[in-house]
Amino acid sequence: MKKYKPTTPSRRHMQVIDYRALLTRSPTGGPKKSLTYGRHRSVGRNRKGRITTRHKGSGEKRLYRDIDFRYNKHDIPATVISIEYDPNRSGFIGLVLYKDGEYRYHLMPAGVKAGDEIVASEKAPLKPGNRRPLRLIPVGSSVYNIEVQVGGGAKLVRAAAARAEVLAQEDNYTQLKMPSSEVRSIHKNAWASIGSVSNEEHGFVTIGKAGRSRRMGIRPTVRGSAMNPVDHPYGGGEGKQPRGTRRPKNRWGKGVRGVKTRKRHKYSNALIITRRKKRKKK
């Protein structure tokens, strides 16, 4: 981690990742041009332009890197050319060159450096970055980039420092313990990458000041108690007032904090063995 001298109040507690010590320069000096394209971000608005998620907007422009989450080049080794920063995700990405001459971007695991070789194969060595079917990964191993459906591409465990643990192999399913502590069954023929996602220090970042938060695309949040009664159930009153309602709710009157929002008959209910642990109340 990199800390700054307290030259201003906002700099006093700012703490960022030392990218120079973790990333390597790509051969072109920037992202691979053929694997990048411009992308319009919805910034919390739906197709009609209405705000559906508050506190999103503005921010720096981002060039999208086309990440390969399908890993459909089996049994073809690839060499990691560079470890790069991606503004669209928390983990680091790597530019890899396959033996057949094709370049692709992959989500990198912790411990893999430029010059290392990775491969997606049923006979791949058990080392970070390699990819195997879940049935061929030993119990106790850490995995990431996990498929939900066979051949559907990696969907689970893709955030920085995230990893899932292989708990058991039973019949046609593999039991995995997710980062949320949920235990879930996934078909044994689904593929997963060995290791944990890179950028383990992501959780220790301190933004430090409002301006940096705005450049990240995060807009300010206003407390409900600071609003007028017409704008929020908590609004109004002379001075600081208590909540005034029996249960916590948002500005539209819907319950929050502990209210279940999951669909009752979701397709994956049968595959969940143990629900994630609830957060303890302070």
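Any read-out appearing in this document is the output of simple, stated calculations on the displayed coordinates, not a laboratory observation. As the structure is a computational prediction, the values presented were derived from the model and not from experiment. Note that we place each Cβ from the backbone using ideal geometry, even for glycine, and neighbour counts take in every protein chain shown.
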Report task. Run a plain Debye calculation on segment 71-127 (Cα atoms as equal point scatterers, no solvent) and give log10 I(q)/I(0) at q = 0.20 Å⁻¹, rounded to two decimals, same order as the q list. Result -> -0.72
Report summary line: For segment 120-179 the trypsin sites (Lys or Arg not before Pro) that pass both the DSSP coil test and the at-most-13 other-Cβ-within-10 Å test are K123
Query - Computed label-point distance, nm, for sites R45 and S141 using a 7 Å Cα→Cβ extension - result: 4.6 nm
Report task. Taking just the C-alpha trace of segment 184-282, give me its Rg and Dmax in Å. Result -> 20.6, 62
Query raised in the report: Which stretch or stretches of segment 177-215 have amide N atoms under 18 Å from the point lying 7 Å from K266's Cα along the Cα→Cβ direction?
Result: 177-187
Report task. Label segment 1-135 by shape, choosing from rounded, prolate and oblate, from the square roots a ≥ b ≥ c of the eigenvalues of the Cα gyration tensor; if a/c is under 1.5 it is rounded, and otherwise prolate applies when a/b is larger than b/c, oblate when it is not. Result -> oblate
Query raised in the report: Between their Cα atoms, which of K155/K266; K240/K278; K99/K155 are more than 20 Å away from each other?
Result: K240/K278; K99/K155
Query raised in the report: What share of the DSSP beta bridges in the chain is antiparallel, in percent to the nearest 5?
Result: 95 percent
Query raised in the report: S185: net charge of surrounding residues, Cβ under 12 Å, Lys/Arg +1, Asp/Glu -1, itself excluded?
Result: 0
Report task. Calculate, axis by axis, the spread of Cα positions in the chain along the three principal axes, and write the results as whole Å, longest axis first. Result -> 70, 51, 40
Report summary line: So the compactness index of segment 145-202, its C-alpha Rg divided by 2.2 N^0.38 Å, takes the value 1.10
Report task. Specify the longest stretch of the chain that does not include any exposed loop site, a site being one of the GluC sites (Glu not before Pro) with a non-H, G, I, E, B DSSP assignment and at most 12 other Cβ atoms within 10 Å. Result -> 123-237
Query - Per-selection metrics, segment 84-174 (Cα): Rg and Dmax in Å - result: 13.6, 40
